[in-house]
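We did not get these values from a lab; they are worked out from the coordinates using the rules stated. Everything quoted here is computed from the prediction, not taken from an experiment. Cβ sites come from the backbone with ideal geometry, for glycine too, and all protein chains shown count toward neighbours.
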Amino acid sequence: MSIVNKSHFPPQFEGPFLFHEGTDSEWLITNGVGGFASSTITDCPVRKYHGLLVTPLPGKEGRYHILSAIEAGPSDDPEFRMSTNQYAGAIHPTGFEYLESFTPLPFPSWVYLKDGVKIRKEVFMVEGETSVYAAFTLLEGPAKISMDLKMLFTFRDANYTTKENIDISAGIKKSETGFSIRPYPPIPGCTIDFSGNWERSGTCYWDKNIEYPLEQNRGLDYQEDRFVPGNTVIEIKKKQTFILRVSLDNQSPQAEEKIDLKKIYRKVSSQGIKAMKNLGSVGEMNDTVVPETKPNTTSGSFFNRKLLAYMGEQFIVKNSLGSRSINAGFPWFGEWGRDTMIALPGLTFHNDKPALGLDILADYAALIKDGLLPNTLGESQGFTSYNSMDAGLLYCWAVSKFLDSEYSGEKKFIQRLKKQILPAVESIVNAFFENRVPNARLTKDFLLDTGSPETQLTWMDATAWGKPVTPRHGLAVDLNALWYDSLCVYAELLKLSKKRFPETILNVKDRIKSVFAETFLIQNQGSTAENSSKDQSTYLSDTVVSGEMDGKLRPNMLFASSSSFELLNSDIKKAIAETAKRELLTSMGMRTLSPKDPAFAGLYHGNSDERDSVYHQGTVWPWPLGIMIESALKGSEDLEKEVVFWEEYLNNLLDKHLYRQGIGFVSEIFDGLEPDEGKGCFAQAWSTGEILRAFSLLEKVRVVKE
């Protein structure tokens with residue numbers, strides 16, 4: 001059974017490996033422009049999204065899955081292959097049997113051993129290039145060996161699978177350093193370059209019926225055929241590294257006729273080692289690491305937080321328009337306005353990247369339309385939509401988190417707030433006041449009334465069997481808390497700019513604060529005198545429709561209790577935090593609905609409609625931990641005790657989860673009753689961002705107290 005050696009940094013998975021165990025953990029690397037490579041620690045693809053080159057294409061929506069895998073092994077030993085596949089009723093090849101170790105950082109690295117021959121395989125990407133590199137190093141064995149390479153291509157929309165077809169063009173064009181293919185014009189083809197001796201032979205053929213069990217579990221097509229452009233043989237020498245590059249034609253910045261692949265490898269390796277040392281490692285990559293002393297942290301928890309912060313950078317992208325953004329989640333999400341705003345503070349302001357955070361806010365300002373931000377952006381996600389009521393308000397929320405940060409007083413940032421951010425916030429606020437926001441209207445108390453039973457305008461936007469599961473129309477507690485925050489942020493920015501806050505808006509802000517609690521507050525004291533305090537709860541109704549509270553206990557109320565602008569008094573904040581902690585908190589995040597509710601669903605599984613029907617009906621999400629912990633700190637009477645509890649909680653979460661599912665990432669969701677295995681996307685931006693922000697909030701309290 002493989003183990004994770006956490007006494008080393010980077011963490012190392014050590015054999016022996018079992019097949020099913022080896023597919024439980026997934027690695028991911030990105031190129032900073034929307035493309036990625038991903039698979040499992042045994043290099044066995046179990047999702048249709050696993051592949052070595054998955055990327056946006058110019059003029060196309062979503063991402064395209066280009067290169068599935070590169071299988072390799074010594075030419076004189078057909079059993080010794082450095083990869084694994086699952087076919088119908090068969091596992092072939094069985095590379096996991098020869099796998100000694102796997103290290104995910106600074107890029108994925110596998111060491112295989114059989115009969116005295118030890119080979120290291122590495123996969124990496126270069127920022128800004130639409131390409132992937134594979135490197136092979138003969139560590140032990142004869143002076144040199146020949147290696148068979150089998151490159152498996154797909155050239156299809158990443159959300160689908162492909163089958164053997166007659167539309168493919170099997171032509172191959174040879175060059176001095178490699179060859180190129182273009183299976184489906186007008187889709188760009190690929191060029192394969194080699195750093196040393198190589199030879200290609202044979203005809204093109206199809207590798208048929210690979211199976212992706214995770215897609216089968218999701219009720220989706222799970223079998224695929226992959227295209228192989230003949231057989232390739234390379235020669236590798238002992239203690240030397242052979243590199244190959246697969247690049248999408250006309251998409252990579254390299255302009256040289258002859259590319260020095262070894263030089264690129266040395267540069268990327270050097271940058272990776274430097275990055276690891278900056279995270280705390282010393283000496284060789286696998287030396288034991290001694291971290292600097294941190295209060296209330298073990299070396300493991302120290303590494304876990306460092307690893308989370310380091311991997312969080314994989315979500316940052318520069319899209320085809322040159323704008324900075326955040327990819328919502330891997331492997332299937334693209335750029336989402338809502339997710340970007342929630343993830344942004346933790347990934348930037350609380351991760352020593354304040355300028356980047358403001359860059360993203362400034363670039364998104366150009367996308368504001370009638371008070372809304374696009375929920376999805378076209379190129380990476382596949383469609384552009386302005387159907388999220390909360391995204392624009394969350395823009396203002398993200399600004400408020402910058403105002404709370406240590407950087408808010410720096411002159412260079414104040415200037416940017418005044419010139420770039422204030423106009424954006426002002427446009428959002430004015431759109432609501434001027435009744436220009438679709439599906440939104442202000443009540444006589446200036447609360448925000450939105451949507452209808454047929455709409456899904458908040459982050460709980462799942463649709464099953466053609467109908468919204470949680471429409472949350474009327475007065476939604478989170479939207480109104482965010483609306484209040486937006487007015488307060490507007491006031492703060494006007495103050496920074498020495499501009500007068502409009503009197504009418506000032507009165508509106510005060511009016512919202514005065515009616516908020518009486519509109520949403522629920523105080524259940526129990527039906528009998530014998531009920532203990534544990535049966536008593538104070539919380540905020542999730543929605544109010546025509547004056548009637550729905551009474552549902554969801555984490556959305558935490559936007560109100562965590563507000564930076566004192567929307568609620570301390571007693572109510574304390575009571576809300578206690579109720580949420582008692583009924584919604586699990587070991588891996590917050591339930592989306594109290595288990596006491598008749599609609600609570602404890603298991604997330606089944607086909608698309610079955611999964612979407614419970615997506616927000618009790619399923620656990622990690623991202624609300626940020627506002628949960630912020631609420632707990634604001635309502636606490638014993639901050640030291642609160643900090644200790646939450647530090648231990650977060651460290652336990654990361655220690656349990658960070659090396660499963662997405663290595664170095666926090667998954668999108670977990671089951672509501674027994675939140676053990678990560679589900680949904682294995683790497684979710686707002687899960688990562690809000691946990692990083694939560695750590696920063698706890699650290700800030702410690703510093704203040706000391």
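For residue 260 and residue 60, compute 0.36 nm times the residue count separating them, minus their Cα-Cα distance, and round to one decimal in nm.
Values: separation 200, 0.36 × 200 = 72.00 nm, distance 3.08 nm.
Full extension of this stretch gives 68.9 nm more.
May I ask you to order 360-372, 154-166 by the average number of other C-beta atoms within 10 Å around their residues, highest value first?
Ranking, from highest mean packing down: 360-372, 154-166.
Quick query: amide H of residue 100 versus all other amide H atoms, modeled in the peptide plane; which residues come in under 5 Å with a sequence gap of 5 or more or a different chain?
111, 112, 113
In nm, give the distance between the simple-model label positions of residue 564 and residue 167, each being 7 Å from the Cα along the Cα-to-Cβ direction.
About 5.0 nm separates the two model spin labels.
Can you work out ³J(HN,Hα) from phi for every residue in the range 631-645, in order, using Karplus 6.51 cos²θ - 1.76 cosθ + 1.60 and θ = phi - 60°, giving whole Hz and x for Gly and Pro?
Once rounded to whole Hz, the list reads 5, 4, 5, 5, x, 7, 9, 9, 4, 4, 5, 5, 5, 4, 4.
Provide the per-residue ³J(HN,Hα) series for the range 427-433, in order, calculated from phi with Karplus coefficients 6.51, -1.76, 1.60 and θ = phi - 60°, each as a whole number of Hz, with x at glycine and proline positions.
So the J values, rounded to whole Hz, are 5, 5, 4, 5, 4, 5, 5.
Determine the dipole magnitude for the range 299-705: charges of +1 sit on the beta-carbon of Lys and Arg, -1 on that of Asp and Glu, nothing else is charged, the reference point is the Cα centre, and the result goes in debye to the nearest 20.
1280
May I have the pair-distance distribution P(r) for the range 3-253, computed from all Cα-Cα distances with 10 Å bins from 0 and rounded to whole percent?
Spelled out bin by bin, the range 3-253 gives 7, 32, 39, 19, 2, 0 percent.
May I ask for the distance between the Cα centers of the range 13-88 and the range 536-553, given as a whole number of Å?
When both Cα centres are located, 47 Å separates them.
Compute the FRET efficiency between residue 660 and residue 499 as 1/(1 + (r/R0)^6), taking r as their Cβ-Cβ distance and R0 = 45 Å, and round to the nearest 0.05.
0.35
Using a simple spin-label model with points 7 Å from Cα along the Cα→Cβ vector, what separation in nm is obtained for residue 701 and residue 199?
Distance between label points: 6.8 nm.
Averaged across orientations, what area in nm² does the convex hull of the alpha carbons in the range 576-706 project?
In nm², the orientation-averaged hull projection of the range 576-706 is 7.8.
Contact order normalised by length for the chain, with contacts defined as Cα pairs under 8 Å and 6 or more residues apart; what percent is it?
Details: 1545 pairs, mean separation 80.5, N = 706.
In percent, rounded to a whole number, it is 11.
From the phi of every residue in the range 563-576, what ³J(HN,Hα) in whole Hz does the Karplus formula 6.51 cos²θ - 1.76 cosθ + 1.60 yield, where θ is phi - 60° and glycine or proline is x?
My calculation for the range 563-576 gives 3, 6, 10, 6, 5, 10, 6, 5, 5, 5, 4, 4, 5, 5 Hz in order.
Which of the pairs 163/467; 353/401; 369/418; 353/418 have their Cα atoms more than 22 Å apart in this structure?
163/467
If we sort 680-692, 113-125, 614-626, 203-215 on the protection proxy, mean other Cβ atoms within 10 Å, highest first, what's the order?
The most tightly packed comes first, giving 680-692, 614-626, 113-125, 203-215.
Which of the pairs 498/641; 262/318; 262/412 have their Cα atoms more than 32 Å apart in this structure?
498/641; 262/412, as the Cα separations exceed 32 Å there.
Taking the alpha-carbon distance from residue 419 and a cut-off under 18 Å, which aspartates and glutamates remain once sequence neighbours fewer than 8 residues away in the same chain are dropped?
By straight Cα distance, residue 419 reaches 359, 363, 410, 492.
Of all GluC sites (Glu not before Pro) in the range 394-486, which ones are in loop regions per DSSP and have a Cβ with at most 15 other Cβ atoms within 10 Å?
When the GluC sites (Glu not before Pro) of the range 394-486 are filtered for loop state and at most 15 Cβ neighbours within 10 Å, 406, 410, 434, 454 remain.
How about residue 238: which aspartates and glutamates have a C-alpha closer than 14 Å to its C-alpha, ignoring those fewer than 8 places off in the same chain?
Hits, sequence-local ones excluded: 140.
Multiply the residue gap between residue 20 and residue 443 by 0.36 nm, knock off their C-alpha separation, and tell me the result in nm, one decimal place. Walk me through the numbers on the way to the answer.
Details: separation 423, 0.36 × 423 = 152.28 nm, distance 5.58 nm.
Here the segment from residue 20 to residue 443 would lengthen by 146.7 nm.
Suppose a student asked you for the relative contact order of the range 664-706, using Cα pairs under 8 Å spaced at least 6 residues apart; what percent would you report?
With pairs under 8 Å counted, the relative contact order is 32 percent.
I'd like the orientation of helix 299-312 relative to the chain: the angle between its Cα long axis and the longest Cα principal axis, in ° from 0 to 90, rounded to 10.
Approximately 90 degrees, to the nearest 10.
For the chain, find the longest principal axis of its Cα atoms and tell me its angle to the long axis of helix 389-403, 0 to 90°, nearest 10.
Approximately 90 degrees, to the nearest 10.
Setting aside same-chain residues fewer than 8 positions from residue 444, which lysines have a Cα under 18 Å from its Cα?
Straight-line reach from residue 444, under 18 Å: 509, 513.
What FRET efficiency comes out for the pair residue 410/residue 239, r = Cβ-Cβ distance, R0 = 56 Å, nearest 0.05?
0.70
Along Cα→Cβ, 7 Å out, is where each label goes; now give me the distance between the ones at residue 644 and residue 433 in nm to one decimal.
4.9
Is there a quick way to get the dipole size of the chain? I mean about its Cα centre, with the Cβ of Lys and Arg at +1 and of Asp and Glu at -1; what is the value in debye to the nearest 20? List each step's numbers first, then the result.
Values: 77 positive and 91 negative charges, 398 e Å.
My answer is approximately 1920 debye.
Quick check: the distance between the Cα centres of the range 427-471 and the range 652-683, to the nearest angstrom?
31
For residue 217 and residue 454, FRET efficiency with R0 = 35 Å and r from the beta-carbon atoms, rounded to 0.05?
0.65
Can you give me the long-range amide H partners of residue 118? Hydrogens built in the peptide plane at 1.01 Å from N, cutoff under 5 Å, separation of 5 or more residues or another chain.
Amide H to amide H, under 5 Å and 5 or more residues apart or across chains, residue 118 pairs with 139, 140, 141.
Give me, ordered by chain and number, the residues 5 or more places off residue 240 or on other chains with an amide H under 5 Å from its own placed amide H.
Excluding prolines and chain starts, which carry no amide H, the hits are 138.
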